[in-house]
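S.K.: Before we start, here is the structure in question, set down as structure tokens.
The values are calculated or read from the model by the stated rules, or taken from the named source; none is laboratory data. Keep in mind the model is a prediction, meaning the values are calculated, not measured. Here Cβ is always computed from backbone atoms with ideal geometry, including for glycine, and neighbour counts include all displayed protein chains.
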Ligand code: ARG
Ligand code: ZN
């Protein structure tokens, strides 16, 4: 069934307080739920509506009596009630052990954990499980003391004690009204790293990171990240922690990254645990940003929440933007200590490039496929399918554009007003944008709202005309958004285009629009609001080269007609590091796609030369060089081909890597000399950048089969003092034809055989392996045999994402084998997963959604597999929505 945004209606009854009692048992947990239900004064008449799913109802009373009249329809329970306030009490029994969906209450490693967003709470008890019902929760947990010594829920611990039969209990009270999706409980054998800090108003608060005992030495970075995030939100937005205690709990079985439950964030272990021997620099970075993300939700999500799930980007887009800004500020702070303001700017740019890479790799394809939707969707079948790159990443870009249009101070004023109006409420995206407008003298944001309703990635085209006699450069910008499913007509959007004009000497010119008195800054933000607009710049001494969309000022595809020489010029001179990187990416894309189209061709010498200049420029931050010298992602390139041919692209990428490895071997080896491993590991962006560049050098050299490079990889692998270096060297060996790759993988496995998170890396590396050695077996064979590895389990999402997710999404060259073996394997695995965990199955199903972009032969191989999954017995609504849309005729 399709749920529509336009159908939103408030409920006739809401809940003021809820008292939950859990008698925890692995197979028969009894939940007693006492709700004070109150009539909604804004709605005339109607029953109490509760949702329940996979529950065994033991008892139900209204004001202590059996209900006079009640209807049940699937998951919906309607109770007719009189008066204004009634107490509804429901008792249900659930089986956490049988719950393999990891939504609701489930078991992991002998403990009890919950995940309620979006609609998991209804799998715990009957409740008006919608975000616009905000209630005050009191929770009592009762469990076996030996098995579950730690009992946690939201808010403050108010009571605890012993019970007969080896059981004990704890009672928690959350002072803040919250929607049910923010409820959480944990009952397990855990230990905590603790820290006490003062908030900006001087209150002392207790911070805890709860993990299994053996992981206590891997919590310090998560704790530091939490403290940094708290400080940042105080300093940047004046937002303070509102509880006396804030807890993070790590759990090994978790569908997503983490969850912002009030005062009790529950995390995938992947985003908590880190020590130098087991975590890479990227892991450290991700932990910092996910910890911050969840913490920031306390205000943007929890204090002010969403009226309905169509508004998801209200909290997610805004919170991703906040975590991106936080990470950029953290990087810039450290870099400025070492390298001054220039270093800080470069560090920010590197972070921005990361974000843009993610957007291009994940969101652009989504916008170009059957699941395309606006950041605020109009309809969905299964809400869990809408925790997407569009809602999150494009949503963050939309907030970023607001920030650009209103300026730092204007944006802050808008945030202040938003909280002053809506604290404690469940609101819509309109409410947010209206507050932004009102705080900025009624800044007209109505045209801007189209970003919330229109799907698809806009194409912006630029063309320039130079009038030498007048010293005038005329820039014409056009925009147009291609149609998306169910949305043929597109209107012009408000697109901030940050622009610089580069002179022939490589220096930026001050910008002066015709009619202006004085030349101003060298980068300016033009506002493109029409289908076509012209801007005239005057006072120029020579024909400039435009640098458009600096800092990636809008989530659009910029179509530029630049020749190789101009790309090389911008690679060398663009003052905006993002655009310098982008110029390198564009040039690389052109070279690789040409090789894909003409397998007999060679890498253009002009590219090798431009690449070599960047590689050898020691004034450039290594982290930036590592970004600029990495070829565009394979998935991104695939989407840039028409009738995409993954095999041809794979060959082209291999050839490009071999050529760049061989032709620049001396430079890569020099990089390895200068970027020698630091004696002691510390997570530091400067060190991380050096490691990234060294690891990239190993990759190119290994691809080229360079003996010195391979030997160096071997030495680094064996002598590494930290995971970043060990894994970087291993990855280089695995992505090569070297016979050492098998022994290195085995050594790595032997060392980390008991470490689940590190084994995920081991699985992913093998699933992502290219066939550099043409005589090697297809990667699929290895993936199949790894399914039977004792460490692998379809029940653990991290394992599924590492092995199957990597193979399906990150290894198109092997996955799309011409014989269709990969596609049949895909169907088999999606069906097997769907029986356990529909959310994870749907995520895996999405790996084929853009199948129509592939060659006709591949489409013919894929279609029957899509049909097979859709027709499979018990296909979940989650998977059915994804496949149904993929098969829909467009
Ligand atoms: N709100 C969480 C976050 O962004 C994500 C939870 C998503 N859960 C789900 N079942 N879709 O941090
Ligand atoms: Zn979030």
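S.K.: How many residues are surrounded by fewer than 20 Cβ atoms within 10 Å (Cβ to Cβ) and in contact (Cβ under 8 Å) with a residue 60 or more places away in the chain if we restrict to the range 256-275?
M.R.: First pass over the range 256-275, keeping only residues surrounded by fewer than 20 Cβ atoms within 10 Å (Cβ to Cβ): 256-257, 275.
Then drop every residue that is not in contact (Cβ under 8 Å) with a residue 60 or more places away in the chain, which leaves 256.
Number of matching residues: 1.
S.K.: Next question, about the same structure. Listed residues 121, 127; which is under 17 Å from residue 19 (Cα atoms), within 16 Å of ligand 1 (Cβ to nearest atom) and touching a helix residue (DSSP H, G or I) at 6+ places or on another chain (Cβ under 7 Å)? Walk me through it before giving the result.
M.R.: Details: 127 fails: within 16 Å of ligand 1 (Cβ to nearest atom).
Step by step, each of 121, 127 is checked, and only 121 is under 17 Å from residue 19 (Cα atoms), within 16 Å of ligand 1 (Cβ to nearest atom) and touching a helix residue (DSSP H, G or I) at 6+ places or on another chain (Cβ under 7 Å).
S.K.: I would also like to ask the following. Please verify whether residue 344 is surrounded by 20 or more Cβ atoms within 10 Å (Cβ to Cβ) and over 12 Å from the mean Cα position of the chain (by Cα), treating the condition exactly as stated. Please lay out each step first, then the result.
M.R.: Numbers: surrounded by 20 or more Cβ atoms within 10 Å (Cβ to Cβ): yes; over 12 Å from the mean Cα position of the chain (by Cα): yes.
So residue 344 passes the test.
S.K.: Let me ask something else. It is to be established whether one or more residues within the range 91-104 are within 16 Å of ligand 1 (Cβ to nearest atom), assigned to a strand (DSSP E or B) and surrounded by 16 or more Cβ atoms within 10 Å (Cβ to Cβ).
M.R.: Narrowing the range 91-104 to residues within 16 Å of ligand 1 (Cβ to nearest atom): 99-104.
Going one step further and asking which of them are assigned to a strand (DSSP E or B), we end up with 104.
Then drop every residue that is not surrounded by 16 or more Cβ atoms within 10 Å (Cβ to Cβ), which leaves 104.
Within the range 91-104 (the criterion being within 16 Å of ligand 1 (Cβ to nearest atom), assigned to a strand (DSSP E or B) and surrounded by 16 or more Cβ atoms within 10 Å (Cβ to Cβ)), the answer is yes, since at least one residue qualifies.
S.K.: For residue 287, indicate whether it is part of a strand (DSSP E or B), within 14 Å of ligand 1 (Cβ to nearest atom) and closer than 30 Å to residue 686 by Cα.
M.R.: So residue 287 fails the test.
S.K.: Do we find a residue being in a strand (DSSP E or B) and surrounded by 23 or more Cβ atoms within 10 Å (Cβ to Cβ) anywhere in the range 191-200? First the steps, then the outcome.
M.R.: Kept after step one, since they are in a strand (DSSP E or B), are these residues of the range 191-200: 191-198.
Narrowing the set further to residues that are surrounded by 23 or more Cβ atoms within 10 Å (Cβ to Cβ) leaves none.
Looking for residues that are in a strand (DSSP E or B) and surrounded by 23 or more Cβ atoms within 10 Å (Cβ to Cβ), one finds none in the range 191-200, hence no.
S.K.: Only one of (1) surrounded by 21 or more Cβ atoms within 10 Å (Cβ to Cβ); (2) within 24 Å of residue 617 (Cα to Cα) fails for residue 566. Which number is that?
M.R.: (1)
S.K.: Same structure again: Based on this model, can you work out whether residue 445 counts as at pLDDT 95 or above, touching a strand residue (DSSP E or B) at 6+ places or on another chain (Cβ under 8 Å) and either assigned to a loop (DSSP other than H, G, I, E, B) or within 28 Å of residue 544 (Cα to Cα) (or both)?
M.R.: Numbers: at pLDDT 95 or above: yes; touching a strand residue (DSSP E or B) at 6+ places or on another chain (Cβ under 8 Å): no; either assigned to a loop (DSSP other than H, G, I, E, B) or within 28 Å of residue 544 (Cα to Cα) (or both): yes.
When the stated conditions are applied, residue 445 does not pass them.
S.K.: Sticking with this one: Within the range 145-167, take every residue that is over 28 Å from residue 85 (Cβ atoms) and either surrounded by 18 or more Cβ atoms within 10 Å (Cβ to Cβ) or in contact (Cβ under 8 Å) with a residue 60 or more places away in the chain (or both) and give me the one that is nearest to the chain's Cα centre (by Cα). Explain how you work it out, then say what you get.
M.R.: Taking the range 145-167 first, the residues over 28 Å from residue 85 (Cβ atoms) are 145-152, 157, 160-167.
If we keep only those that are either surrounded by 18 or more Cβ atoms within 10 Å (Cβ to Cβ) or in contact (Cβ under 8 Å) with a residue 60 or more places away in the chain (or both) too, we end up with 148, 150-152, 157.
Numbers: 148: 32, 150: 31, 151: 30, 152: 27, 157: 32 Å.
In this case the residue turns out to be 152.
S.K.: Is there a residue in the range 705-717 that is closer than 30 Å to residue 328 by Cβ, touching a residue at least 40 places away in the same chain (Cβ under 8 Å) and assigned to a helix (DSSP H, G or I)?
M.R.: no
S.K.: Turning to a different aspect of this structure: Do the conditions hold for residue 147, that is, is it touching a strand residue (DSSP E or B) at 6+ places or on another chain (Cβ under 9 Å) and within 16 Å of ligand 1 (Cβ to nearest atom)? Don't jump to the end; show me each part of the working.
M.R.: Working: touching a strand residue (DSSP E or B) at 6+ places or on another chain (Cβ under 9 Å): yes; within 16 Å of ligand 1 (Cβ to nearest atom): no.
Considered against the rule, which asks whether it is touching a strand residue (DSSP E or B) at 6+ places or on another chain (Cβ under 9 Å) and within 16 Å of ligand 1 (Cβ to nearest atom), residue 147 comes out as no.
S.K.: Right, here's the next one. Which of the residues belonging to the range 135-144 are closer than 27 Å to residue 428 by Cβ and crowded, with 19+ Cβ neighbours inside 10 Å? First the steps, then the outcome.
M.R.: Step one: list which residues in the range 135-144 are closer than 27 Å to residue 428 by Cβ, which gives 135-137.
Correct list: 135, 137.
S.K.: Look at the range 255-265 and say how many of its residues are outside any strand (DSSP E or B) and more than 15 Å from the chain's Cα centre (by Cα). Please lay out each step first, then the result.
M.R.: Keep residues of the range 255-265 that are outside any strand (DSSP E or B), which gives 255-257, 260-263.
From the residues that got through so far, the ones that are more than 15 Å from the chain's Cα centre (by Cα) too are 261-263.
Going through the range 255-265 one residue at a time, the tally reaches 3.
S.K.: Go through the residues of the range 298-320 one by one and say whether even a single one is surrounded by 23 or more Cβ atoms within 10 Å (Cβ to Cβ), near ligand 1 (Cβ under 10 Å from one of its atoms) and more than 19 Å from residue 115 (Cβ to Cβ).
M.R.: Checking the range 298-320: at least one residue is surrounded by 23 or more Cβ atoms within 10 Å (Cβ to Cβ), near ligand 1 (Cβ under 10 Å from one of its atoms) and more than 19 Å from residue 115 (Cβ to Cβ).
S.K.: Ok, one more. Considering only residues of the range 302-325 that are closer than 21 Å to residue 232 by Cα and part of a loop (DSSP other than H, G, I, E, B), which is nearest to ligand 2 (Cβ to nearest atom)?
M.R.: Step by step, filter the range 302-325, then rank; the result is 302.
S.K.: Now a separate question. So, residue 400, is that one more than 13 Å from ligand 1 (Cβ to nearest atom), buried (at least 24 other Cβ atoms within 10 Å of the Cβ) and under 20 Å from residue 415 (Cβ atoms) or not? Full working, then the answer.
M.R.: Details: more than 13 Å from ligand 1 (Cβ to nearest atom): yes; buried (at least 24 other Cβ atoms within 10 Å of the Cβ): yes; under 20 Å from residue 415 (Cβ atoms): yes.
Judged against the criteria, residue 400 is a match.
S.K.: Right, another one. Among the residues of the range 526-551, how many are surrounded by 17 or more Cβ atoms within 10 Å (Cβ to Cβ) and assigned to a strand (DSSP E or B)? Step through it out loud before you land on a result.
M.R.: Taking the range 526-551 and keeping what is surrounded by 17 or more Cβ atoms within 10 Å (Cβ to Cβ), we get 526, 528, 533, 535, 537-540, 544-551.
Subset that is assigned to a strand (DSSP E or B): 526, 528, 533, 535, 537, 545-548.
Total meeting the criteria: 9.
S.K.: Right, here's the next one. Filter the range 439-456 for residues that are farther than 18 Å from residue 487 by Cβ and without any contact (Cβ under 8 Å) to a residue 24 or more places away in the chain; which is nearest to the chain's Cα centre (by Cα)?
M.R.: 446
S.K.: Hey, any hits in the range 115-126 for a residue that's away from ligand 2 (no atom under 16 Å from the Cβ) and in a strand (DSSP E or B)?
M.R.: No, the conditions are met nowhere in the range 115-126.
S.K.: What single numbered condition from (1) assigned to a strand (DSSP E or B); (2) without any contact (Cβ under 8 Å) to a residue 24 or more places away in the chain fails to hold for residue 517?
M.R.: (1)
S.K.: Also, quick follow-up: Could you go through the range 282-301 and let me know if any residue there is more than 13 Å from ligand 2 (Cβ to nearest atom), touching a strand residue (DSSP E or B) at 6+ places or on another chain (Cβ under 8 Å) and touching a residue at least 12 places away in the same chain (Cβ under 8 Å).
M.R.: no
S.K.: Go through the range 766-798 residue by residue and tally those that are in contact (Cβ under 8 Å) with a residue 40 or more places away in the chain and either within 28 Å of residue 705 (Cα to Cα) or buried (at least 21 other Cβ atoms within 10 Å of the Cβ) (or both).
M.R.: The total comes to 12.
S.K.: Which of the numbered conditions does residue 251 fail, given that it passes all the others? Conditions: (1) farther than 20 Å from residue 327 by Cβ; (2) within 16 Å of ligand 2 (Cβ to nearest atom).
M.R.: (2)
S.K.: Just to be sure I understand, how many residues within the range 393-427 are more than 22 Å from the chain's Cα centre (by Cα) and more than 18 Å from residue 497 (Cα to Cα)?
M.R.: Total meeting the criteria: 19.
S.K.: Restricting the range 355-389 to residues that are in a helix (DSSP H, G or I) and within 16 Å of residue 487 (Cα to Cα), which is farthest from ligand 1 (Cβ to nearest atom)?
M.R.: Filtering the range 355-389 down to residues in a helix (DSSP H, G or I) leaves 355-367, 383-386, 389.
When the remaining residues are screened for being within 16 Å of residue 487 (Cα to Cα), the result is 366-367.
Numbers: 366: 15, 367: 20 Å.
Filtering the range 355-389 for residues that are in a helix (DSSP H, G or I) and within 16 Å of residue 487 (Cα to Cα), the one farthest from ligand 1 (Cβ to nearest atom) comes out as 367.
S.K.: Please specify each residue of the range 472-481 satisfying the condition of being within 15 Å of residue 531 (Cβ to Cβ) and surrounded by fewer than 16 Cβ atoms within 10 Å (Cβ to Cβ).
M.R.: Once the filter is applied, which keeps residues that are within 15 Å of residue 531 (Cβ to Cβ) and surrounded by fewer than 16 Cβ atoms within 10 Å (Cβ to Cβ), the range 472-481 yields 476, 480.
S.K.: Do we find a residue being touching a strand residue (DSSP E or B) at 6+ places or on another chain (Cβ under 6 Å), within 24 Å of residue 838 (Cβ to Cβ) and touching a residue at least 12 places away in the same chain (Cβ under 8 Å) anywhere in the range 389-402? Let's see the steps before the verdict.
M.R.: From the range 389-402, those touching a strand residue (DSSP E or B) at 6+ places or on another chain (Cβ under 6 Å) are 401; that's our starting set.
Filter once more, keeping what is within 24 Å of residue 838 (Cβ to Cβ): none.
Among the residues of the range 389-402, not one is touching a strand residue (DSSP E or B) at 6+ places or on another chain (Cβ under 6 Å), within 24 Å of residue 838 (Cβ to Cβ) and touching a residue at least 12 places away in the same chain (Cβ under 8 Å), which makes the answer no.
S.K.: I want to confirm something. Restricting to the range 266-281 and keeping residues that are farther than 19 Å from residue 389 by Cβ and part of a helix (DSSP H, G or I), which single residue is nearest to ligand 2 (Cβ to nearest atom)? Lay out the reasoning, then the answer.
M.R.: Applying the first criterion (farther than 19 Å from residue 389 by Cβ) to the range 266-281 yields 266-267, 269, 272-281.
Add one more test, that the residue is part of a helix (DSSP H, G or I), and what stays is 269, 281.
Details: 269: 18, 281: 23 Å.
Looking at the filtered set, the residue picked out is 269.
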